[in-house]
Amino acid sequence: MQFQVSQAKALLKKAMEKGASGGDILVGEGESFSAQVRLNTVEKVSNASGKRLGLRLFFGKRSAITSTSDLSESSLNQLLIDTCELAMIAEEDFFCGLPSPEAYTTRFPELDTVDTEIDKLSIEEKISFARRAEQAALAEDKRLSNSDGADFSNAYSEKLYVTSNGFEGFFKGSSASLSVASIAKLDGKMQRDYWYSAKRKLSQLESPESVGRTAARRTLRRIGARKVSTAKVPVVFESEIAVSLLGHLASAISGYALYKGASFLLNQLGEKIATSDLTIYDDPTLPLGLGSRPFDGEGLPSCKKTIVEKGILKSYLLDTYSGKKLGLPSTGNAVRGTGGPPSVAPSNFQMLPGNASPEEIIRSVPSGLYVTELIGFGINMITGDYSRGASGIWIEQGELAYPVEELTIAGNLKDIFNQIEIVGNDIDTTKAISAPTLKIAKMMVAGN
Amino acid sequence: MTTDPREANQFFLEKYGLSSASLDSTLGRVLGRQIDYADLYFEYQVGESFSLEEGIVKKVSKDIAQGVGVRAIAEEKTGYAYSDEITVSQLLSAAKTARYIAEAGQGAVPVPIHSVSAPKHDLYALKKSPIDVPAGEKVDLLQQIDRLARAYDPRIKKVMASFNSSYKVILIATSLGNVVGDILPLMRLNVTCIAEEGTNRQVGSFGGGGRSAFDFFFEPSDVKGRKGEKRFEYYTREAARQAILNLSAIDAPAGTMEVVLGPGWPGILLHEAIGHGLEADFNRKKSSAFSDRLGQRVASDLCTIIDDGTIPHRRGSINCDDEGTATSRTVLIEKGILKNYLQDRLNATLMKMSLTGNGRRESYAHNPMPRMTNTFMLAGESDPEEIIRSMKHGLYAVSFGGGQVDITSGKFVFSASEAYIVENGKIGKPVKGATLIGNGPDVLKKVTMVGNDLALDAGVGTCGKDGQSVPVGVGLPTTKISEMTVGGTAQ
């Protein structure tokens with residue numbers, strides 16, 4: 001990183017001389033590369049580098065935050081003046097402020113988040129991953145006559161976080177991903193689906209051939225999809241899709257949603273919110289984890305927590321501010337971007353797998369829906385009301401019978417978590433949010 | 001800060017010491033022998049945000065972003081590089097990456113830079129840009145909204161309001177020798193209310209804005225029967241009214257039924273059902289459900305659908321697109337027949353079709369793609385009340401959240417946030433939010449009545465595609481669709 005800790009400290013010192021009572025600086029620098037191949041032709045190659053500095057200042061109980069991509073001295077001096085002026089305009093907020101110095105972490109776990117091999121690849125070698133993945137997909141079946149392309153991308157970023165009351169932390173991480181979207185055509189109707197692999201390191205990526213074949217399989221199984229009649233039936237979420245349910249749960253137990261009253265899980269700490277099959281951990285210390293980090297967005301320590309244990313809500317996701325609003329300590333889940341104050345997010349948010357294989361789960365359904373794709377945003381976080389567009393495969397007598405589309409599935413998230421009937425054993429723990437196949441006892445499926 | 005687009009060029013020359021000669025030499029380097037086209041996109045943007053919750057304007061922030069994107073095109077291949085440092089050496093380094101797609105060859109091709117031109121349109125010149133209005137006035141506005149919302153009904157327990165504005169200066173230099181600049185102001189005001197009655201808690205949201213001056217919020221709302229009501233008062237009243245209304249909402253129905261969409265924001269139907277599917281990139285790649293269907297019937301003859309980037313002061317309007325092409329009014333569907341796709345330069349060239357001024361990008365860090373501007377259906381002849389009266393059993397939806405589409409299968413969704421059951425021509429109880437799902441190429445064939453009350457939305461739309469967000473507008477007259485699937489929970 002070009003920007004030095006000493007520069008950050010000097011800028012904060014200047015701010016204190018102008019009357020600030022405290023402040024912090026977050027600097028992010030990064031590089032990224034992406035290449036897209038479509039029908040074996042390189043369609044796009046993109047290369048980028050960027051940096052950004054965020055300055056947050058407190059004047060007693062007032063605060064403001066500014067950010068810029070221009071890190072020249074004159075620009076930062078102007079930023080300092082702007083931040084002081086804006087802070088004067090903000091209104092007093094009794095709860096705002098930095099964590100107390102003794103809360104900061106002094107131990108920085110080694111999380112193995114940087115890939116040193118990927119830099120050795122040439123642009124041609126990176127492109128060849130995408131090329132191989134697309135070829136593997138299209139070679140699977142003649143009906144796969146078109147492609148939305150294959151992408152290879154990788155990124156590297158560094159973060160420096162310095163506060164006026166003594167925290168200094170540095171974090172770097174890399175990522176690599178490969179994806180393919182194939183298109184099948186039959187009788188004038190098209191279907192598209194995709195597959196991807198995204199990891200910290202190149203060596204962890206699924207092989208291009210495997211990514212391609214999975215994309216092909218997912219696309220082919222959609223051919224001939226039809227609508228079905230409206231019915232209340234069991235719904236099985238493919239593990240890839242079940243992840244979204246965990247995402248909604250994480251949003252609902254975010255301290256910000258809770259103190260604003262904008263969650264369907266208000267005042268549920270210690271209460272039963274799901275069937276006893278649901279256990280979730282949040283663990284920012286997993287080696288190689290995409291959600292791993294040595295300290296949270298406020299410099300607090302990273303440690304594994306139980307969020308839901310056998311259906312009982314054990315912990316919210318909190319930072320210092322939202323914790324104070326709820327009368328609770330931070331859970332170390334602060335996340336920060338350069339342009340805004342901390343907010344809250346899970347790190348590696350993972351469900352404990354069950355014993356049933358996906359096949360066994362499907363076999364338990366006499367008539368129901370196996371969901372492989374959801375679209376739309378029909379989720380009301382305040383009431384938990386849930387209604388989304390769905391496609392997938394209809395289950396008849398325990399077998400995947402035929403593809404279906406243009407359906408909606410609806411219910412209420414409170415009920416959905418309380419109706420998890422079977423938890424699968426198929427979990428991919430390299431994902432930041434991971435869930436196995438889940439069977440929900442009954443949901444309304446709307447079609448014809 | 002000025003909003004005169006003619007001053008964009010001067011802005012970059014003064015701030016970064018760029019000259020026509022440096023643009024010329026960079027473009028020449030990118031161009032090389034096998035490159036068909038190259039462009040440079042310079043951007044400087046200041047954004048600010050004020051947000052209120054619990055009666056306090058807690059969050060105040062300001063962001064400055066600047067950078068340059070360098071693009072080279074050879075047939076269907078694109079090389080793109082960007083940097084947040086606008087210097088000649090960074091430009092040359094980015095140029096080297098961008099031209100990677102040309103397999104061989106060194107050396108530069110001379111590019112004659114023509115004189116700088118202002119865009120053809122001047123749709124949002126303002127005496128005073130919203131960003132220049134003293135911050136104190138913005139804080140006061142949010143405070144007024146908070147008081148107003150709480151006064152609407154004692155059951156309104158939480159009020160959240162935010163004001164965002166930005167000021168963007170762009171300059172586009174192309175290998176065709178064109179240099180076009182623009183200055184784009186944009187602002188948006190949002191109000192969210194949470195109503196509580198016992199354990200029943202419900203939310204309502206409303207907002208508006210555009211490429212207008214701050215005074216816009218204090219002008220008359222022009223809502224029928226609300227003489228003297230200011231726009232910000234209207235937004236607040238709507239957010240509060242929706243939250244209170246939802247306290248009595250019953251479960252939405254599930255299944256296929258008649259649907260009538262109210263005027264304005266429900267135009268998101270057009271955006272999802274056909275707009276994305278008519279973007280040229282998907283049609284060139286033949287991955288859209290509308291591929292190869294120009295000249296074919298894709299809607300009932302009551303439907304004429306337009307994308308128009310030239311409506312003054314609208315959120316979705318732009319003087320020129322992000323490739324320097326003047327925006328236009330494009331007829332997408334005329335009386336049910338598919339007439340045009342939305343084009344950017346890459347796709348128009350490959351498809352041998354005319355530019356439509358729809359090549360947009362989120363910022364210098366993104367390459368342009370065909371995107372919508374303001375997309376709406378022209379008014380029909382039916383009286384909106386007559387349309388409701390014609391319904392036997394169905395859903396009347398007047399407000400929506402977001403939507404999404406699967407371009408290839410054509411399936412799209414959009415989620416109603418205010419809707420009512422209609423039985424035998426009479427509007428009944430409000431229902432809880434529900435997602436509506438349909439098939440893009442079919443849904444407009446089922447349009448059986450179009451109202452005479454075309455309205456554009458209030459100015460809050462943001463469209464996402466391939467990770468890029470751009471501001472857009474939608475519009476619709478009251479429209480009846482003979483059947484759609486409604487994703488409620490009640491049988």
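Could you give the size of the charge dipole of region B:254-487 about its Cα centre, using +1 on the Cβ of each K and R and -1 on the Cβ of each D and E, expressed in debye and rounded to the nearest 20?
Working: 25 positive and 26 negative charges, 78 e Å.
Roughly 380 debye for region B:254-487.
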Positive-pole candidate from B:244, B:148, B:294, dipole of the protein assembly as shown, charges at beta carbon = B:244
Could you tell me what percent of the accessible area of region A:4-139 is made up of carbon and sulfur, with a 1.4 Å probe and every protein chain present?
-> 51 percent
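Using only Cα atoms, what Kirkwood radius does region B:254-487 have, in angstroms? If you can, show how the numbers build up before the last one.
Values: mean 1/r = 0.0569 Å⁻¹.
About 17.6 Å for region B:254-487.
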Treat every Asp and Glu Cβ in the protein assembly as shown as -1 and every Lys and Arg Cβ as +1, leave all other atoms uncharged, and give the resulting dipole magnitude about the Cα centre to the nearest 20 debye.
-> 680 debye
Kindly tabulate the residues in region A:431-446 with an accessible-area decrease of at least 40 Å² between the chain alone and the assembly of all protein chains, using a probe of 1.4 Å.
-> A:444
Region B:129-167 and region B:312-340: distance between their alpha carbon centers, rounded to Å = 33 Å
Just counting partner chain Cβ atoms within 10 Å, what average do the residues of peptide B:72-85 show around their Cβ?
-> 5
Take the Cα gyration tensor of region B:191-314, multiply each eigenvalue by 5, square-root it, and list the three semi-axes largest first, rounded to whole angstrom.
-> 34, 23, 14
Cα Rg, Dmax, region A:5-220, angstrom units | 23.8, 73
By the mean-Cβ-within-10 Å protection proxy, highest first, A:293-304, A:433-444 rank as A:433-444, A:293-304
Which trypsin sites (Lys or Arg not before Pro) does region B:1-99 hold that lie in a coil by DSSP with at most 16 other beta carbons within 10 Å?
-> B:33
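When the convex hull of the C-alpha atoms of the protein assembly as shown is computed, what volume per residue in Å³ does it have?
Details: hull volume 143.1 nm³, N = 939.
Here the figure is 152 Å³ per residue.
Shape of region B:136-237 from its Cα gyration tensor (a ≥ b ≥ c, root eigenvalues): rounded if a/c is under 1.5, otherwise prolate when a/b > b/c, or oblate?
On the way: a/c = 3.06, a/b = 2.28, b/c = 1.34.
Prolate, since a/c reaches 1.5 and a/b exceeds b/c.
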For region B:194-259 and region A:200-239, compute the distance between their C-alpha centroids and round to whole Å.
-> 39 Å
Hey, what D do you get for region A:315-420 in µm²/s if you plug the Kirkwood alpha-carbon radius into Stokes-Einstein at 25 °C and 0.890 mPa s?
-> 143 µm²/s
Counting pairs of alpha carbon atoms under 8 Å apart in space and at least six apart in sequence, what relative contact order in percent does region B:254-487 give?
-> 31 percent
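Take the alpha-carbon positions of region B:327-388, form their convex hull, and give its projected area averaged over all directions (one quarter of the hull surface) in nm².
Details: hull surface 24.5 nm².
Taking the Cα atoms of region B:327-388, their convex hull projects to 6.1 nm² on average.
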With a Cα-only, solvent-free Debye model of region B:5-187, what are the log10 I(q)/I(0) values at q = 0.09, 0.10, 0.12, 0.19 Å⁻¹?
-> -0.46, -0.54, -0.67, -1.15
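Would you compute, from DSSP H runs of 4+ residues alone, the mean residue ellipticity of the protein assembly as shown at 222 nm, taking -39500 (n - 2.57) per run and dividing by the full residue count, rounded to the nearest 500?
Estimated from H runs of four or more residues: -6000 deg cm²/dmol.
Please compute the contact order of region A:225-448 in relative form: average sequence separation of alpha-carbon pairs under 8 Å and at least six residues apart, divided by the residue count, as a percent.
Values: 587 pairs, mean separation 69.0, N = 224.
This gives 31 percent for region A:225-448.
Report the Stokes-Einstein translational diffusion coefficient (µm² s⁻¹, integer) for region B:365-468, Rh taken as the Kirkwood radius over Cα pairs, at 37 °C with viscosity 0.692 mPa s.
The Stokes-Einstein estimate is 205 µm²/s.
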So which GluC sites (Glu not before Pro) in region A:233-296 pass both tests, a DSSP loop state and at most 16 other Cβ atoms within 10 Å of the Cβ?
-> A:271
May I ask for log10 I(q)/I(0) of region A:225-448 at q = 0.09, 0.10, 0.14, 0.17 Å⁻¹, from a Debye sum over the Cα atoms as equal point scatterers with solvent left out?
-> -0.37, -0.46, -0.85, -1.17
Using a 1.4 Å probe on the heavy atoms of the protein chains only, list every residue of region A:364-398 that has 10 Å² or more less accessible area in the complete assembly than in its chain alone.
-> A:373, A:375, A:376, A:377, A:378, A:380, A:382, A:383, A:385, A:387, A:389
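Just need the relative contact order of region B:5-187 here, percent rounded to a whole number, with Cα pairs under 8 Å and 6+ apart. Working shown, then result.
Working: 391 pairs, mean separation 60.2, N = 183.
It comes to 33 percent, rounded to a whole number.
Between rounded, prolate and oblate, where does chain B land on the alpha carbon gyration tensor, with a ≥ b ≥ c its root eigenvalues, rounded for a/c under 1.5, else prolate if a/b exceeds b/c? Walk me through the intermediate numbers first.
Details: a/c = 2.35, a/b = 1.43, b/c = 1.64.
It comes out oblate by the Cα gyration axes.
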Considering only protein heavy atoms, what per residue accessible area in square angstrom results for the protein assembly as shown with a 1.4 angstrom probe?
-> 36 Å²
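Could you pull out the pairs from A:232/A:310; A:442/B:158; A:51/B:58 whose alpha carbons sit more than 30 Å apart here?
Details: A:232/A:310 27 Å; A:442/B:158 34 Å; A:51/B:58 27 Å.
Cα-Cα > 30 Å for A:442/B:158; rest within.
Over all directions, how big on average is the projection of the convex hull of the alpha-carbon atoms in region B:266-331, in square nanometres? Let's see the in-between values first.
On the way: hull surface 22.2 nm².
Approximately 5.5 nm², given one-decimal rounding.
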Ranked by GNM mean-square fluctuation in chain A (Cα springs under 10 Å), the top entry among A:224, A:291, A:424 is A:224
Is there a simple number for the mean count of other chain Cβ atoms within 10 Å of the Cβ of residues in A:62-70, and what is it?
-> 6
Ignoring ligands, DNA and RNA, what percent of the accessible area of chain B is carbon or sulfur (1.4 Å)?
-> 49 percent
Which values of log₁₀ I(q)/I(0), to two decimal places, follow from the Debye formula for chain A at q = 0.09, 0.12, 0.13 Å⁻¹ with a uniform point scatterer at every Cα?
-> -0.69, -1.13, -1.25
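If we count GluC sites (Glu not before Pro) as exposed when they sit in a DSSP loop and have at most 15 other beta carbons within 10 Å, what is the longest stretch of chain B that avoids them all? It would help to have the intermediate numbers written out before the result.
Numbers: sites that count: B:54, B:75, B:103, B:229, B:381.
Here the longest run is B:230-380.
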Fraction of alpha-carbon pairs in region A:119-164 farther than 15 Å apart, rounded to whole percent, equals 60 percent
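Assign unit charges at the C-beta atoms only (+1 for Lys and Arg, -1 for Asp and Glu), then state the dipole size of region A:404-447 relative to its Cα centre in Debye, rounded to the nearest 20.
Numbers: 4 positive and 6 negative charges, 38 e Å.
With Lys and Arg at +1 and Asp and Glu at -1, about 180 debye.
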Dipole axis of chain B (+1 Lys, Arg; -1 Asp, Glu on Cβ), positive-most option in B:125, B:388, B:348 | B:388
Interface B:A - total buried accessible surface [probe 1.4 Å, Å², rounded to 100] = 5800 Å²
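The values are calculated or read from the model by the stated rules, or taken from the named source; none is laboratory data. These numbers come from a predicted model, not from an experiment. Every residue, glycine among them, receives a Cβ derived from its backbone with ideal geometry; neighbour counts consider all protein chains shown. Keep in mind that these areas ignore ligands, DNA and RNA; they rest on the heavy atoms of the full protein, side chains included. Shrake-Rupley method; radii C 1.70, N 1.55, O 1.52, S 1.80 Å.
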